[in-house]
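Down below is the structure, laid out as structure tokens.
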Amino acid sequence: MNQRLNLSAGPHVRDIWSTSFIMKMVLLALMPATVIGIITFGLHALWVILTSVITAVLTELVFDKLTGKPDSWKDGSAAVTGLMLALTLSAETPLYAPVIGSIFAILVVKCAFGGLGKNFVNPALAARCFLLISFPNAMTVYGIDGVASATPCAELAAGRVVDITSMFLGSANGVIGGSILGLMIGGLALWAFDIIHGQICFSVLGGFTLFMALFGGQGFDPGFLAAHLCGGGVVLGAFFMATDYVTSPMSRLGQTFYGVLIGVLGALFRIKGQSADSFSYSIIVANLFVPLIDTYIVDKPYAFRRRALKIRSGEAKKPLSQRIPKPVIALSVIALLSGLALSGVFSMTKSTIDEQKNAAAAAAYKTVLPEAESFESFSDKVEFLGGEVYGTGYGRVYIKDALVGKDAAGNVVGYAVSVTSAEGYDGNVTLSIGVSTDGVINGISFTELHETPGKGMLCGEPAFMDQFAGKQADQLTLGEDVDGITGVTITSKAVVNAVNAGLDFINTKIRGE
Amino acid sequence: MQTPSNFIARDGTTFAQLLEASGGVKAGCTPKKALSGGPMMGVAVASLDVPIQKNTNALTLLADDRVEKAEKEMTACLHCGRCSTICPNGLVPALMADAINMKNWERYETKLYGLECIACGSCTYICPARRPLTQMFKQTKAEILARKRAAQAGGRK
């Protein structure tokens, strides 16, 4: 026994769980959702997934070779990023999107910041948001077998009822990884095997549900809450995105705080922002808070917890200014100042904006009733204007203004109404309708339309708008009198509903008397 | 070894004698590493001709040096937090390692309670990135304590 034995500091054994083993488990956990996605959306979904994964791994491989870094492409983290990105894409996405997205995720978000373990936000989500901003058209084509329709989340934002069962199974329109069933299987398995931290995913879901119930406007209605939980990537986000190791805090307390932050932000963005992608953004915003959380929120070791309790109970209380970390104070002050500055600018410019709006409205009236020299307002019908939703069957439609157009001699040449529909894809759609005395539509003109470029904005193009001119009908039907724009269901509907409400208003309230 | 056994032995008995008494090494195996103590907190010994002392509790032979392999497998910290879930003392080893890398001794000591580490080795065992956490903490703790002692000694003069 004279040969030299190996020397090293203990411990001398290691767990079998390695980085690549964990990454493989995450890949495995994503499989149910992936398979269901491919079955539901067909072969193109498979191509999207394969393109995304292969590009991600290749990008990392090339980067490793060029920079002489250790072979980090082998550990599977790039494949996880690629797969997660693909699952957040629509099955109809053209193949260049996952390629660009994966390259962005790996090269810019991950490798440029120091590779594995150093990325500052979740690479897959950052890439998704990058694609959403860069290619709004290609990214928002949702549908099965080429039949375009609005996503459940967009329907939900517009206040309509959605089919929760199909959302749960993943057959509803949406992203490839939209199957709540598949995601739940994978996510709960990961949690059961302690790969993801329960305090993150459940505080995300809890925070989201609670905030939605309190401020969502529909209380604790189970159907409403379930629909919101099943839609828009809440489950994918809670189980797979928020729990991303690198971009989540380390301590249990910090993780809970971070989870609640994501849930509340996601719900807030969804209620106020009316955007289907609220959850991606809320996770990214919370990711940015992680270094701050990790710096200031750290669990106390067992030996120190009782002493902390003593301080809390008042035996040794520090002044408030010392207990709140300085950066928090600084950030709050900055937030307060920028808020004040914004509201100041708003109030200073409000009168100018209103003038501009009035000028735009006057111009719009002129467009839809070119023969009229002057307009008189319908002051006696004022009870119909503003506030209340007009009529039934038009959705959330409001009559803003109603005018009688007169020519130089003072004869009535037509009527103009300004109607707002609150059911646009991205907020309000306001338009003016001009109708001549015999009931023929002169034309429509938008005063407020800020829909998706290349999608909802197409409603503002002559090809769509000119369809209304010359029609003489009490009510118009989408698809018969007016051809909707493919893939722009919501905006087309909102416009036709607004026009119908305007026509009804003119026929019954103005001409009828 | 052939048959794991318990012995009551005098101080000064060598490990080699103990091994012989237990029946020697299992056939076909060559020990790569010998530990005075268990696999987690045991200290590696260079040869078996080392006498046991009153605090020696075990001799462990390893046919396979896991640490050698782990050094090759090491990747960057994922911040997975497995170390903080396993730490029996409720510390956050990954953040402590970050503080060491940034040479932020004050944060290590006061905010992260780094001196509370008992060097049990659990974090190193569980780390999927195979980072030598316990080893870093042991060294840092010794350095900080040495510095404190030096400061105290300087103050007394």
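Could you check, for the range B:1-8, whether at least one of its residues is surrounded by 16 or more Cβ atoms within 10 Å (Cβ to Cβ) and either within 12 Å of another protein chain (Cβ to nearest Cβ) or over 28 Å from residue A:16 (Cβ atoms) (or both)? There is no residue in the range B:1-8 that is surrounded by 16 or more Cβ atoms within 10 Å (Cβ to Cβ) and either within 12 Å of another protein chain (Cβ to nearest Cβ) or over 28 Å from residue A:16 (Cβ atoms) (or both). Of the residues in the range A:37-56, none is open to solvent by 40 Å² or more (accessible area, probe 1.4 Å), within 14 Å of chain B (Cβ to nearest Cβ), touching a helix residue (DSSP H, G or I) at 6+ places or on another chain (Cβ under 8 Å) and at pLDDT 80 or above. Scan the range A:81-110 for residues that are part of a helix (DSSP H, G or I) and open to solvent by 10 Å² or more (accessible area, probe 1.4 Å) and the total you get is 9. All conditions but one from (1) within 19 Å of residue A:11 (Cα to Cα); (2) within 10 Å of chain A (Cβ to nearest Cβ); (3) in contact with a Gly (Cβ under 8 Å, 6 or more places away or on another chain); (4) in a loop (DSSP other than H, G, I, E, B) apply to residue B:38; the one that does not is (3).
Applying a threshold of 8 Å to beta carbon distances and a minimum spacing of six or more residues, or different chains, the list of pairs starting in the range B:2-22 at a residue that is of a type outside the set (A, V, I, L, M) and ending at one that is part of a helix (DSSP H, G or I) reads B:5/B:21; B:7/B:18; B:7/B:21. Being in a helix (DSSP H, G or I), open to solvent by 20 Å² or more (accessible area, probe 1.4 Å), within 11 Å of another protein chain (Cβ to nearest Cβ) and not hydroxyl-bearing (Ser, Thr, Tyr): is that true of residue B:148 here? So residue B:148 fails the test. Screening residue B:114 with (1) under 14 Å from residue B:89 (Cα atoms); (2) within 9 Å of chain A (Cβ to nearest Cβ) gives one miss only, at (2).
Let's see how each residue does on (1) outside any loop (DSSP other than H, G, I, E, B); (2) closer than 24 Å to residue A:29 by Cα:
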residue	(1), (2)
A:187	yes, yes
A:201	yes, yes
A:208	yes, yes
A:212	yes, no
A:218	no, no
A:228	yes, yes
A:236	yes, yes
A:259	yes, yes
A:265	yes, no
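Consider the range A:383-405. How many of its residues are open to solvent by 70 Å² or more (accessible area, probe 1.4 Å), at pLDDT 75 or above and under 27 Å from residue A:366 (Cβ atoms)? Qualifying residue count, the range A:383-405: 1. Scanning the range B:72-86 for residues that are open to solvent by 20 Å² or more (accessible area, probe 1.4 Å) and touching a helix residue (DSSP H, G or I) at 6+ places or on another chain (Cβ under 9 Å) yields a count of 8. Is the range B:100-109 home to any residue that is open to solvent by 30 Å² or more (accessible area, probe 1.4 Å) and within 17 Å of the chain's Cα centre (by Cα)? Checking the range B:100-109: not a single residue is open to solvent by 30 Å² or more (accessible area, probe 1.4 Å) and within 17 Å of the chain's Cα centre (by Cα).
Within the range A:60-80, the only residue that satisfies the criterion of being open to solvent by less than 20 Å² (accessible area, probe 1.4 Å) and more than 14 Å from chain B (Cβ to nearest Cβ) is A:79. Has the range B:45-60 got at least one residue that is assigned to a strand (DSSP E or B), more than 7 Å from every other protein chain (Cβ to nearest Cβ) and over 18 Å from the mean Cα position of the chain (by Cα)? Yes, the range B:45-60 has at least one match. Taking the range A:460-475 as the search range and keeping residues that are out of contact with any Leu (no Cβ under 7 Å at 6 or more places or on another chain) and in contact (Cβ under 8 Å) with a residue 24 or more places away in the chain, which one is least open to solvent (accessible area, probe 1.4 Å)? Looking at the filtered set, the residue picked out is A:468.
Out of all the residues in the range A:120-138, is one or more open to solvent by 50 Å² or more (accessible area, probe 1.4 Å), modelled with pLDDT under 90 and within 14 Å of chain B (Cβ to nearest Cβ)? Checking the range A:120-138: at least one residue is open to solvent by 50 Å² or more (accessible area, probe 1.4 Å), modelled with pLDDT under 90 and within 14 Å of chain B (Cβ to nearest Cβ).
Restricting B:69, B:33 to those that are of a type in the set (Lys, Arg) and open to solvent by 40 Å² or more (accessible area, probe 1.4 Å) reduces the list to B:69. Listed by first and then second residue, the pairs with beta-carbon distance under 7 Å, at least 6 apart or on different chains, first residue in the range B:73-96 and at the interface with chain A (Cβ under 7 Å from one of its Cβ atoms) and more than 17 Å from residue A:248 (Cβ to Cβ), second open to solvent by less than 10 Å² (accessible area, probe 1.4 Å) and aliphatic (A, V, I, L, M), are B:75/B:129; B:91/B:112.
Give the residue, chosen from B:58, B:76, B:44, that is assigned by TED's automatic domain parsing to the domain that holds residue B:115 and under 28 Å from residue A:18 (Cβ atoms). Every option except B:76 fails the conditions.
Select from the range B:9-23 the residues that are open to solvent by less than 40 Å² (accessible area, probe 1.4 Å) and at the interface with chain A (Cβ under 10 Å from one of its Cβ atoms) and write down the one among them that is farthest from residue B:65 (Cα to Cα). Among those that are open to solvent by less than 40 Å² (accessible area, probe 1.4 Å) and at the interface with chain A (Cβ under 10 Å from one of its Cβ atoms), it is B:14. Answer with yes or no whether residue B:58 is without any contact (Cβ under 8 Å) to a residue 24 or more places away in the chain, out of contact with any Asp or Glu (no Cβ under 8 Å at 6 or more places or on another chain) and surrounded by 18 or more Cβ atoms within 10 Å (Cβ to Cβ). When the stated conditions are applied, residue B:58 does not pass them.
Scanning the range A:490-509 for residues that are open to solvent by 50 Å² or more (accessible area, probe 1.4 Å) and polar (S, T, N, Q) turns up just one, A:508.
Taken over the range B:110-125, the criterion of being surrounded by fewer than 20 Cβ atoms within 10 Å (Cβ to Cβ) and either modelled with pLDDT of 90 or more or not in a loop (DSSP other than H, G, I, E, B) (or both) is satisfied by B:110, B:111, B:115, B:116.
The values are calculated or read from the model by the stated rules, or taken from the named source; none is laboratory data. What you are looking at is a predicted structure, and each value in this text was computed from that prediction instead of being measured. Heads up, the Cβs are rebuilt from the backbone with ideal geometry, glycines too, and the neighbour counts pull from every protein chain shown. Areas reflect the complete protein model, heavy atoms only, side chains present, ligands, DNA and RNA absent. Shrake-Rupley method; radii C 1.70, N 1.55, O 1.52, S 1.80 Å.
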